[in-house]
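S.K.: Here's a structure for you.
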Amino acid sequence: MLNTYKTAAPISAMQTASTLIALLRATVVFALLTGATLVHAQSAPQKLQPIPEPPAMPANASSAQEDEPEVTIRERSGGEKAEEYRVRGKLYMVKVTPAHGKPYYLIDQRGDGIFTRMDGLDTGLKVPQWVIHSW
């Protein structure tokens, strides 16, 4: 059986020249559009006004120091230690370090006074627990 191979027709000089001209045209158009965009981006807006000063903080606004946790460390007989964490006087977490063994945490997750034991603070699930409003 005889194998026949098809070969592409040779490219003529006219086809090569027209392809180069089309490529040059595209390059020139791209350069002009890019240059026009850069020139337009560099021109500054005309009517700029200064930003007004922010209003003063109200006198009853809470400061950052009030929101920092207050830590109370209690050491019991036998070498057990409990660290209590409070914000605005409300207990939200206790870290218990036994004399022998791993430390564990008691955490009030909902703010209702019911504490849940956790062996570590990283649960793998990151749920935002921000206080939006309290009374």
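The values are calculated or read from the model by the stated rules, or taken from the named source; none is laboratory data. Please read these numbers as outputs of a predicted model, since none were measured by experiment. With ideal geometry, Cβ positions are generated from the backbone for all residues, glycine too; neighbour counts draw on all protein chains shown.
S.K.: Does any residue in the range 105-119 that is without any contact (Cβ under 8 Å) to a residue 12 or more places away in the chain come within less than 9 Å, Cβ to Cβ, of a residue that is of a type in the set (A, V, I, L, M, F, W, C) six or more places away or on a different chain, and which pairs are these?
M.R.: Correct list of pairs: Gly113/Leu91; Thr116/Leu106; Thr116/Ile107.
S.K.: While we're looking at this one, here's another question. For the range 53-99, enumerate the residues that are modelled with pLDDT of 90 or more and either outside any strand (DSSP E or B) or aliphatic (A, V, I, L, M) (or both).
M.R.: If the condition is that a residue be modelled with pLDDT of 90 or more and either outside any strand (DSSP E or B) or aliphatic (A, V, I, L, M) (or both), then Glu53, Val71, Ile73, Glu80, Ala82, Leu91, Met93, Val94, Val96, Pro98 are the ones that fit.
S.K.: Continuing with this model, one more query. In the range 115-131, how many are outside any loop (DSSP other than H, G, I, E, B) and closer than 14 Å to Pro103 by Cβ?
M.R.: 2
S.K.: When you look at Glu75, is it of a type in the set (Asp, Glu) and out of contact with any Pro (no Cβ under 8 Å at 6 or more places or on another chain), yes or no? If you could, list the steps in order and put the result at the bottom.
M.R.: Values: of a type in the set (Asp, Glu): yes; out of contact with any Pro (no Cβ under 8 Å at 6 or more places or on another chain): yes.
Here the answer is yes, as Glu75 does meet what is asked.
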